[in-house]
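Below is one structure, written out as structure tokens; comments come after it.
The values are calculated or read from the model by the stated rules, or taken from the named source; none is laboratory data. As the structure is a computational prediction, the values presented were derived from the model and not from experiment. Here Cβ is always computed from backbone atoms with ideal geometry, including for glycine, and neighbour counts include all displayed protein chains.
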Amino acid sequence: YIQTDASINKGNSGGPLFNLDGEVIGINTAILSPSGGSVGIGFATPANTVQPVIEQLQKFGETRRGWLGVRIQNVDDGIAENLGLGATRGALVAGVDDKGPSKTAGLKAGDVIVKFDGKPIKESRDLPKLVAATPVGKEVELVIVRGGKEQTKTIKLGRLEDGEKLASRDGPKGELLEKTSAQKALGLELANLSDELRNRYQIKENVKSGVIITGVDPRSDAAEKRLQPGEILLEINQEPVADPADAVKKVKALKDGGKKSALLIVANGQGDTHFVALALD
């Protein structure tokens, strides 16, 4: 944003911000105001950022932004180590839309996009900006890291607005296990999915695998990373978790192998996934 001391009040959003030469340099967006009125600090979106949107509105009467059909997240040090990146870079694919362009191109959860159309992706927020500014229907090359090795994928961009429309349409009771070394290692209490726990945590039927987190040690790295009861542990280091005992086994194998962290894939009750790297005690 451009920070300005020009007087901006409620109702000014969307209006132009001029310089002293009468040139439009931004679009008024927000104010910093404890009271609701102007206190002399305002923010505007730079004109260079909104120019492509203006051109689309002039040409089509609507916005037409590029779309990959992936959910992404940042890469931290733990994730970078577990995925063999060597450094914190790129955008980690946390999920792939079944009807999106990335699914057709063969992208998978766990891939890290490090280059888009020849431009490096240093952090996850770089990717949406580049994709949105790319014409719908253009074929671009993605460089991804999968299994520690770089691969190149060609993908034909879809339209973001179409993806938003798609998104808008859219046994016996188990017993809680006693605390195990998985809880001690990861700060998590785990249980098999059951009808009782599904109802308690409002977990949708499309979540069919993994183990449910029923407790989080408040002193653990898991608590620091904001894991919560009711989330589902799907994978540890990109291997599916069949049951709590399997989680214990996988954690022990990582510790015995000298690993400092474990890479988890965790889903919420809706089935949306994200990656978390937890330190091994």
When residues of the range 128-149 are filtered for being out of contact with any Leu (no Cβ under 8 Å at 6 or more places or on another chain) and within 21 Å of Asp77 (Cβ to Cβ), how many remain? 3
For Lys108, work out the one condition from (1) surrounded by fewer than 19 Cβ atoms within 10 Å (Cβ to Cβ); (2) at pLDDT 90 or above; (3) part of a strand (DSSP E or B) it doesn't fulfil. (3)
Filter the range 231-281 for residues that are in a helix (DSSP H, G or I) and of a type in the set (Val, Ile, Thr); which is farthest from the chain's Cα centre (by Cα)? Val248
I'd like to know if the range 52-66 contains one or more residues that are more than 17 Å from Leu278 (Cα to Cα), of a type outside the set (Gly, Ala, Ser), under 17 Å from the mean Cα position of the chain (by Cα) and buried (at least 19 other Cβ atoms within 10 Å of the Cβ). no
Matching residues, the range 236-267, being under 21 Å from Gln202 (Cα atoms) and either assigned by TED's automatic domain parsing to the domain that holds Leu92 or crowded, with 17+ Cβ neighbours inside 10 Å (or both): Val241, Pro244, Ile265, Val266, Ala267
I'd like the residue in the range 15-34 that is part of a loop (DSSP other than H, G, I, E, B) and modelled with pLDDT under 85 and, out of all such residues, is surrounded by the fewest Cβ atoms within 10 Å (Cβ to Cβ). Pro34
Being at pLDDT 90 or above, charged (D, E, K, R) and either within 22 Å of the chain's Cα centre (by Cα) or surrounded by fewer than 16 Cβ atoms within 10 Å (Cβ to Cβ) (or both): is that true of Glu196 here? no
When the residues of the range 202-233 are filtered to those that are touching a Ser or Thr at 6+ places or on another chain (Cβ under 9 Å) and surrounded by fewer than 19 Cβ atoms within 10 Å (Cβ to Cβ), which remaining residue is nearest to Ala267 (Cα to Cα)? Gly230
State whether the residues of the range 132-151 include one that is touching a helix residue (DSSP H, G or I) at 6+ places or on another chain (Cβ under 9 Å), modelled with pLDDT under 90 and either in a helix (DSSP H, G or I) or small (Gly, Ala, Ser) (or both). yes
